[in-house]
1. Between R124 and E217, with labels modelled 7 Å along Cα→Cβ, what's the label distance in nm to one decimal, could you check?
2. Need the full-extension length gain, R132 to Y197, defined as separation in residues times 0.36 nm minus the C-alpha distance. One decimal, nm.
3. Enter the Cα centre distance for the pair region 1-41 and region 79-100, rounded to the nearest angstrom.
4. So how far apart, in nm, are the two label points at R96 and I206 if each is 7 Å from Cα heading toward Cβ?
5. From the convex hull of the Cα coordinates of region 168-223, what is the mean projected area in square nanometres?
6. Can you work out ³J(HN,Hα) from phi for every residue in region 54-66, in order, using Karplus 6.51 cos²θ - 1.76 cosθ + 1.60 and θ = phi - 60°, giving whole Hz and x for Gly and Pro?
7. With N set to the residue count of region 82-215, report its C-alpha Rg divided by 2.2 N^0.38 Å to two decimal places.
8. Between their Cα atoms, which of K24/K59; K59/K176; K27/K59; K48/K176; K24/K105 are more than 29 Å away from each other?
Amino acid sequence: MISFIIPAYNEERLLGRTLEAIQKAAKDVDVNYEMIVVDDNSSDNTGKIANDLGATVVKVNHRQISATRNAGARVANGSLLVFIDADTVISTEILRSTMTAVNHKAIGGSAAFRFDGYVPLYGRVIQWLLYRIYRLGKVVGGSYLFCTWEAFEKVGGFDETVYGGEEMILSRSLKKLGGFILLKQTVLTSGRRLRIYSFRENMKIIACLGTSGGRIEDRDTGWFWYDGKRES
């Protein structure tokens, strides 16, 4: 069984398409699966949407992405864990590639992303640069990250001492075990931060991630992930 684990905070606008894409991909690939939405103290209809679409809803109040992801993993029944952001859409092809990789003894892997909708030109440049860095194995995206339950247990799950960059820390630990791959396919993720925040704010975000190596030590430093701004 595959356990799709989706951390969510006030994601009523985008969660439906994320879950429907998972359902379609799983049906096309013909795999047994479950969807686990970890609702981290949402004040909107996130939990109801998840429940209506057949997901198991886990209610938490962490406001810490690493702890929220781990909460989903703790109730998972699958031998393969797939962590997907609530604003991300997967395809049949990427799930099929994931299954092929695991069947060939990969213990984990990740995928690059592309932004949906309109984003400013500098956003496209950022996307292009991140993809190149990703292909060199220097950055692992949190939008889509998978690993076997056994490997997840061995490395101790996501690091709950950080408020961001937990996917990079986990991927480095998985790489040490061997068999961590980078998929060729990309997932579609929301470019809303590039639309919501100004150029100046986005440059501050990039500078913060660059100087910290992607490791965010507290919620205030990772304000851009925790301020809850959403598109209307």
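Coordinate-derived values only; no laboratory data. Just so we're clear, the structure is a prediction, and the values are computed from it rather than from any experiment. For neighbour counting, all protein chains shown are included, and Cβ atoms are generated from backbone atoms with ideal geometry for every residue, glycine included.
1. Output for this residue pair reads 3.9 nm.
2. Taking R132 through Y197 to full extension adds about 21.0 nm, to one decimal.
3. Distance between centres, Cα-based: 9 Å.
4. Placing both labels 7 Å beyond Cα along the Cβ direction yields 3.6 nm.
5. Numbers: hull surface 21.6 nm².
Averaged projected hull area, Cα only: 5.4 nm².
6. x, 7, 7, 9, 10, 8, 9, 9, 9, 6, 8, 4, 5
7. Values: Rg = 15.0 Å, N = 134, 2.2 N^0.38 = 14.1 Å.
Dividing the Cα radius of gyration by 2.2 N^0.38 Å gives 1.06.
8. Values: K24/K59 25 Å; K59/K176 33 Å; K27/K59 27 Å; K48/K176 39 Å; K24/K105 25 Å.
Listed pairs above 29 Å: K59/K176; K48/K176.
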